[in-house]
Amino acid sequence: MKKKFFIFTLIIGLSFTLVGINKAFADSKGMTKSYHFGFLKGNPYDETGKLEKYTKSAVYQRVNDINISYKSWVKANGHDVSHGHNYTVRKKGTILMTNYALEDNKGSRTVVASIAAKKDGNGHSNGFWSADY
């Protein structure tokens, strides 16, 4: 019984360690960029700057300031790679965005990614994002 408990504890400990290592590697690239969606008059669309995407991971968006509602999705090499995974953003917080940037650009080890957005009204949103979570 003690042996089973020890093995169970060891497995749980390794699981938490692997999650921590995964986050450490995602953050270690330092590939974050701030964004500002201002939604210029007459144009309901806006887009973040571009970052290189190296992995098949989610795109990370951190909303720090918002007074609008908008839909966002991931683009790579200028094309929508969300496969229908659009996110309605209404409040501060973190969004992990599903995307198929590398899968849609077969043969590429990296792609240039961005977050595109379409406003639902007048306002702005600020925060930062990373192409690889």
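Among the listed pairs LYS53/LYS106; LYS56/LYS106; LYS71/LYS92; LYS50/LYS91; LYS50/LYS75, those with a Cα-Cα distance over 18 Å are LYS50/LYS91. Amide H contacts of PHE39: none lie under 5 Å away among residues 5 or more positions distant or on a separate chain (H built 1.01 Å from N in the peptide plane; Pro and chain starts excluded). Pair-distance distribution of the range 33-130: all C-alpha pairs, bin width 10 Å, starting at 0; shares per bin in whole percent are 17, 52, 26, 5, 0.
Rule-based calculations on the coordinates, nothing more; no lab input. These numbers come from a predicted model, not from an experiment.
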